[in-house]
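Worksheet: one structure, shown below.
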Amino acid sequence: MSDIDGDAISAWLKQHQDLDVTPERAKEIATIAFRLNSVTLDAAMGQDSLDDPARYFRTLVELADFKRET
Amino acid sequence: MSLPLKETSLALNDLSLAQAGDSIRRRDVTALAVTEAALARAEAVQPKINCFLRIDKEAALEAADRADAEIAAGNWRGPLHGVPLAHKDVFDREGHVATAGAILFDTPATSRATVMSRFDDAGATYMGALNLDEFAAGGTGANDHYGRTHNPWNTDHISGGSSGGSAACVASRAAFGALGGDAGGSVRIPAAMCGVIGLKPTFGRVSRAGTAPRTFSIDCTGPMTRTAEDCALMLQAIAGHDPRDPTTPDLPVPDYHAALRSDLKGVRVGVAVGSPFDQVDPDIARLLSDAHDALRDLGAELVDITVPDVMRLNDLQQILGKSEAAVICGRWMRERPGDMTFDAISVVQEGLLMPATRYLESKALRAPLLEAHVRAVFGAVDVLFAPALAGATPSIAETDFDDQDQVEELFTRSARFTRFTNYLGTPSLSVPCGFTGNGLPAAFQLHGPPFGEARLLTVAHAYQGATDHHAQAPQLI
């Protein structure tokens, strides 16, 4: 967290999100967001490729009431 | 089913939804008497637990009268006919403002949420709208605009949230069932804290048309009831494809009630072990162990199972939830920040710092991670057993932090057990399993594969047939 510049994040939020967030709060939310971003990037890089997100709905139906082998 | 000898308010309130509906069908009791009893209980408990935002007394009595007339004429609609229900204030009904726990909206709805129409078609009586955390954004039941919901087992304790009003209402027997909404645990956690059943169905199993969104990709509407049987009856009424909601697939809806059975012979239950599932207080661990014994006694085979990637799935749920909530709340955060509390704003602010690339990666990962999860877990077991809460339900004083992030951290202790199924879209059910040392309810969760709600309800129903936690009532009045 110490590496995150709250002033810079606050300014970015004002410029790109049109929102006023104090530097202290900006630093707090950046700490959480950057960790979640990092986890997501790692997960994505762990896949050979990524398909259209719409595939999710098809997968959900294909796995409907999935049963174990007995 | 046995009937109350005297139609006292107390006896009628103590009936399950299934018993009340059956009694109305047989005309042993009128829908009007059942509704009057529910309304009387609602008015008695409201000053203590603040679970209602609005009680539609006259409309409910008129609906009950209509139900009695229809049934007398031989037009019984089904097991919900004449049964009073109340719902989280996120569902459109013509002429009413669905507040979502906020003060930003003042335009009455001009149409009806599909789930409301389906309950109306089933003949259920609508009692009113239930309290929730502002924008369904919290986990404690606090709401600075309308006042917090209190836990009916001890009003000094939190109800949980965001569907805290729904959980407290059903637990206090002011309605026979209620709908809540769950994007990360908002049905299951308050259900666990208030001692009722709470179902987060498969994503797309229940229509969200006409429902105020918390997110786009992970919101699920689900029933909260005292028994698994009641939950099956409510789910039956609302499950299935809806042309108004393109995320609802046109899949057959099973007969959830017919699937219920009293033993678990041949059922293999996977007990989730390892992190984060082993991070529970001893009080909770003892109750979970008791529940394992009860399931074994019913004939289930219990095996330990490691669930891969739960914490990562939880984080991916946060990427979707926070990004989408930031979009949904974005207009209000910019144009009317003074009409939103810091609590509501703070939990979505991180979404402002998540790039589109991360958001889309989270969405694109959903299919392969769902497939891997289902094959790894449900290739080995029929249902997955996991905690619903990490510790005893805290008091209001214990959650009265100045720092909202501390509240979020407290909520996250239990949300670690719930969020991953919102990311995956799989169903999960919170089932009361006794009381911690402070006298508050605790619960376990049952998870299943997509559209596997029937097996969760079956296990819960058998468990409730062998235990009596669900039959105990808070002494509010």
**Report entry** The listed residue being on the phi > 0 side of the Ramachandran plot and of a type outside the set (Ser, Thr, Tyr), out of A:Asp18, A:Asp51, A:Asp3
**Finding:** A:Asp18
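If the requirement is being within 12 Å of the chain's Cα centre (by Cα) and either modelled with pLDDT under 95 or crowded, with 24+ Cβ neighbours inside 10 Å (or both), which of these qualifies: B:Gly123, B:Gly128, B:Gly141, B:Gly164? Outline the logic, then answer.
Numbers: B:Gly123 fails: within 12 Å of the chain's Cα centre (by Cα); B:Gly128 fails: within 12 Å of the chain's Cα centre (by Cα); B:Gly141 fails: within 12 Å of the chain's Cα centre (by Cα).
Only one candidate passes the filter, namely B:Gly164.
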Query raised in the report: Name the pairs: first residue in the stretch B:261-288 and of a type in the set (Phe, Trp, Tyr), second residue modelled with pLDDT of 95 or more and part of a loop (DSSP other than H, G, I, E, B), Cβ to Cβ under 9 Å, at least 6 apart or on different chains?
Result: B:Phe277/B:Val307; B:Phe277/B:Arg416; B:Phe277/B:Phe417
Query - Count of the stretch B:314-337 residues which are within 11 Å of another protein chain (Cβ to nearest Cβ), of a type in the set (D, E, K, R) and touching a residue at least 40 places away in the same chain (Cβ under 8 Å) - result: 0
Query raised in the report: Taking helices (runs of 4 or more DSSP H) that do not extend beyond the stretch B:28-144, which have at least 3 residues that are without any contact (Cβ under 8 Å) to a residue 40 or more places away in the chain?
Result: B:31-49, B:57-72
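For the stretch A:1-62, list the helices (runs of 4 or more DSSP H) that sit wholly inside it and hold at least 3 residues that are more than 9 Å from chain B (Cβ to nearest Cβ); which are they?
Numbers: elements: A:6-17, A:23-45, A:55-62.
Answer list for the stretch A:1-62: A:6-17, A:23-45.
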**Report entry** Segments classed as helices (runs of 4 or more DSSP H), wholly inside the stretch B:267-347, with at least 1 members that are closer than 27 Å to B:Thr357 by Cα
**Finding:** B:310-335, B:342-346
Report task. Evaluate the stretch B:398-415: report whether one residue or more is β-branched (Val, Ile, Thr) and touching a residue at least 24 places away in the same chain (Cβ under 8 Å). Result -> yes
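Table: residues versus (1) small (Gly, Ala, Ser); (2) over 13 Å from B:Phe385 (Cβ atoms); (3) modelled with pLDDT of 95 or more.
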{"position": "B:Ala237", "(1), (2), (3)": "yes, yes, yes"}
{"position": "B:His241", "(1), (2), (3)": "no, yes, yes"}
{"position": "B:Asp245", "(1), (2), (3)": "no, yes, yes"}
{"position": "B:Phe277", "(1), (2), (3)": "no, no, yes"}
{"position": "B:Pro282", "(1), (2), (3)": "no, yes, yes"}
{"position": "B:Leu287", "(1), (2), (3)": "no, no, yes"}
{"position": "B:Val303", "(1), (2), (3)": "no, no, yes"}
{"position": "B:Arg312", "(1), (2), (3)": "no, yes, yes"}
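Yes/no per residue for (1) within 14 Å of chain A (Cβ to nearest Cβ); (2) not hydroxyl-bearing (Ser, Thr, Tyr):
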residue: B:Ala192; (1), (2): no, yes
residue: B:Gly198; (1), (2): no, yes
residue: B:Thr221; (1), (2): no, no
residue: B:Ala239; (1), (2): yes, yes
residue: B:Leu251; (1), (2): yes, yes
Report task. Go through (1) over 27 Å from A:Leu36 (Cα atoms); (2) surrounded by fewer than 17 Cβ atoms within 10 Å (Cβ to Cβ) and name the single condition B:Asp400 misses. Result -> (1)
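Each row is one residue, and each column tells you yes or no for (1) touching a Lys or Arg at 6+ places or on another chain (Cβ under 6 Å); (2) of a type in the set (A, V, I, L, M); (3) closer than 19 Å to B:Ala100 by Cβ.
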position: B:Gly147; (1), (2), (3): no, no, yes
position: B:Asn154; (1), (2), (3): no, no, no
position: B:Gly160; (1), (2), (3): no, no, yes
position: B:Ser172; (1), (2), (3): no, no, no
position: B:Ile197; (1), (2), (3): no, yes, no
position: B:Pro201; (1), (2), (3): no, no, no
position: B:Gly204; (1), (2), (3): no, no, no
position: B:Ala209; (1), (2), (3): yes, yes, yes
position: B:Pro213; (1), (2), (3): no, no, yes
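Rundown of residues vs (1) over 28 Å from A:Gln47 (Cα atoms); (2) away from chain A (no Cβ under 14 Å), yes/no style:
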residue	(1), (2)
B:His257	yes, yes
B:Gly266	yes, no
B:Phe277	no, yes
B:Asp281	yes, yes
B:Arg312	no, no
B:Asp339	yes, yes
B:Asp343	yes, no
B:Gly351	no, no
B:Leu365	no, no
Query raised in the report: Of these, B:Ile345, B:Ile319, B:Ile328, which one is at pLDDT 95 or above and closer than 22 Å to B:Ala142 by Cα?
Result: B:Ile328
Report summary line: Within the stretch B:383-429, residues under 23 Å from B:Met224 (Cα atoms) and charged (D, E, K, R) come out as B:Arg413, B:Arg416, B:Arg419
**Report entry** Yes/no for B:Leu456 being more than 20 Å from B:Thr247 (Cβ to Cβ) and not hydroxyl-bearing (Ser, Thr, Tyr)
**Finding:** yes
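Filter the stretch B:239-266 down to the residues that are assigned to a loop (DSSP other than H, G, I, E, B) and more than 20 Å from B:Val383 (Cβ to Cβ) and list them by number.
Residues of the stretch B:239-266 that are assigned to a loop (DSSP other than H, G, I, E, B), as a first pass: B:240-241, B:243-244, B:246-266.
Once the filter is applied, which keeps residues that are assigned to a loop (DSSP other than H, G, I, E, B) and more than 20 Å from B:Val383 (Cβ to Cβ), the stretch B:239-266 yields B:Gly240, B:His241, B:Pro243, B:Arg244, B:Pro246, B:Thr247, B:Thr248, B:Pro249, B:Asp250, B:Pro252.
Take the conditions modelled with pLDDT of 95 or more and surrounded by fewer than 24 Cβ atoms within 10 Å (Cβ to Cβ) and apply them to B:Thr155. Does it pass? Walk me through how you get there before you give the answer.
Working: modelled with pLDDT of 95 or more: yes; surrounded by fewer than 24 Cβ atoms within 10 Å (Cβ to Cβ): yes.
When the stated conditions are applied, B:Thr155 passes them.
Taking A:Glu69, is it surrounded by 13 or more Cβ atoms within 10 Å (Cβ to Cβ), out of contact with any strand residue (DSSP E or B) (no Cβ under 9 Å at 6 or more places or on another chain) and either in a loop (DSSP other than H, G, I, E, B) or within 7 Å of chain B (Cβ to nearest Cβ) (or both)? First the steps, then the outcome.
Numbers: surrounded by 13 or more Cβ atoms within 10 Å (Cβ to Cβ): no; out of contact with any strand residue (DSSP E or B) (no Cβ under 9 Å at 6 or more places or on another chain): yes; either in a loop (DSSP other than H, G, I, E, B) or within 7 Å of chain B (Cβ to nearest Cβ) (or both): yes.
When the stated conditions are applied, A:Glu69 does not pass them.
The values are calculated or read from the model by the stated rules, or taken from the named source; none is laboratory data. This structure is a prediction, so every number in the text was calculated from the model and none was measured. Reconstructed Cβ throughout: ideal geometry from the backbone, glycine too, with neighbour counts over all protein chains shown.
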